[in-house]
Amino acid sequence: MSPTSTRRGSAKKPARLPKVKMPEMLEGAPRGETASESPQWRTYVGRWLEMSGCKVESAPRGDWEVDLSEALQKRWRRQRVRMVFDPARPTVPRGAWFMAPGSAAGRRLLEAALIEPMFTRRTALAQVPGAPADGLAKICAVRGLTWGTPRLGPVRYERRVAFHAVITRWGGLPWQEQWVVLVGTGGEVLERDPASQVPDVRPREGLYQMGEELEPELRERWLGSARVTLEELAREREKEWEVSVGRLRDDELERLGAFFSARIEEEEERQRRRSVHDEHELEHGDATQLKLEWERRAAEVRQRWEMRTEVRLWGLEEWSWPVADLEQELRSGAVHVKLKVPVDVARGLPSLPNCPTCGEPAEMLVRDRGHVACANCADR
Ligand SMILES: [Zn+2]
């Protein structure tokens, strides 16, 4: 049994997790997984402020002085703001905002970020060379066969759309994650990455070699598949969060239980020492009061930790993406099979070749009774 499942299983024993001191401390000073400053959070805040037209300058002790954009000046009723990121700072300069995912200022920023999606158009710059020198040999192993020389065809540009979303967890310790879903020409989901930007690509502003506007039906289809993917993602994240958030909630309930059990015991002990029989009614009453109070407080704790997950699209990026076809022959004696796969030229990365026998993408191809087959086909 892994240490994790042991910990999860022992509901009664105090969990060996970092203790959250008191429930009051949770407000404004998030602990647990958001305890120390997260570099991704700072990056996200910085990028969002810049995209929203704010001017960000470094200030002492890792703070930021931010000249707000006009829209944000109106929304937040101030021209500039000092942002403090260090959660260990004992005091914050007058008027400054403590910027953490769960702080009041952090929430304010997240709320502003969710108002309207931004739209940009970008071109993914082609890598040189556009494909590995040994072609498919780089990604697909062979047995009993040899690869011929790869031939990369001309580069063309395909339209892709990246959907940028934040998945926010409200309740208990608010938390937020960035995701980007890249959708291809046919509406197929090509990638989903836990990042604020499409990874491993050098972008240039504007669409290269791609003039026409998007067709409305195509846009609908893209949006549809992105929505399904984002909802799936949110469900996956929620399942994981339910476990981590549930642990923190149970910890708090446990401390509450220990506190009230002790008080009820003290109360009963006090009553016993008086040893007056006609006060039996009162003793019963006091214990009942405490039990009611305990229940009320426990219900509050449960409510405060109740989780709500929200997915919001904050950005759309239309991409002009370089692709090319790569042709390469597989040989073994009299067997010659020509394979053709699309290459992501922005990353210099070919797709896996399809097995000539079953048509499925294959990481390994073998010679099988005068044919070329993948490991699955050859086993049959
Ligand atoms: Zn196959």
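Derivation of every value follows stated rules applied to the coordinates shown; laboratory data play no part. A quick note: this is a predicted structure, and the numbers were derived from the prediction, not measured. Heads up, the Cβs are rebuilt from the backbone with ideal geometry, glycines too, and the neighbour counts pull from every protein chain shown.
Here are a few things to note about the model shown:
- Size of electric dipole in region 285-380: Cβ of Lys, Arg +1 and of Asp, Glu -1, about Cα centre, debye, nearest 20: 220
- The residue among Trp319, Leu339, Ala287 whose Cα reaches farthest toward the positive pole of the charge dipole of region 281-352, with charges on the beta-carbon of Lys, Arg, Asp and Glu, is Leu339.
- Helix axis angle, 104-113 relative to the chain longest principal axis, alpha carbon, degrees: 30
- Residues His336, His164, sorted so that the one with the fewest Cβ neighbours within 10 Å comes first: His336, His164
- Pairs of lysines in the chain whose Cα atoms sit within less than 26 Å of one another amount to 13, provided the residues are eight or more positions apart or on different chains.
- Dividing the helix sum by the residues of the chain, where each DSSP H run of 4 or more adds -39500 (n - 2.57), gives a mean residue ellipticity at 222 nm of -11500 deg cm²/dmol.
- Calculated diffusion of region 31-141, Stokes-Einstein form, Kirkwood radius summed over Cα pairs, 4 °C and 1.567 mPa s, µm²/s: 78
- Helix 216-274 axis, angle to the chain major axis (alpha carbon atoms, nearest 10°): 20
- Folded to 0 to 90 degrees: helix 280-305 orientation relative to the chain principal axis, Cα: 20
- Positive-end extreme of charge dipole, the chain - chosen from Gly130, Pro350, Val228 (charges on Cβ): Gly130
- For the chain, fraction of C-alpha pairs farther apart than 25 Å, in %: 70
- DSSP beta bridges confined to the chain are antiparallel in about 85 percent of cases.
- Taken over region 288-327, the ratio of Cα radius of gyration to 2.2 N^0.38 Å equals 2.93.
- In terms of surrounding Cβ atoms within a 10 Å radius of their Cβ, Phe85, Phe163 rank from fewest to most as Phe85, Phe163.
- Size of charge dipole - the chain - debye, nearest 20, with Cβ of Lys, Arg +1 and Asp, Glu -1, no other charges: 840
- Neighbour counts of other Cβ atoms within 10 Å put Ile167, Ile139 in the fewest-to-most order Ile139, Ile167.
- Only Lys, Arg (+1) and Asp, Glu (-1) charged, at Cβ; region 77-159 dipole about Cα centre in debye: 420
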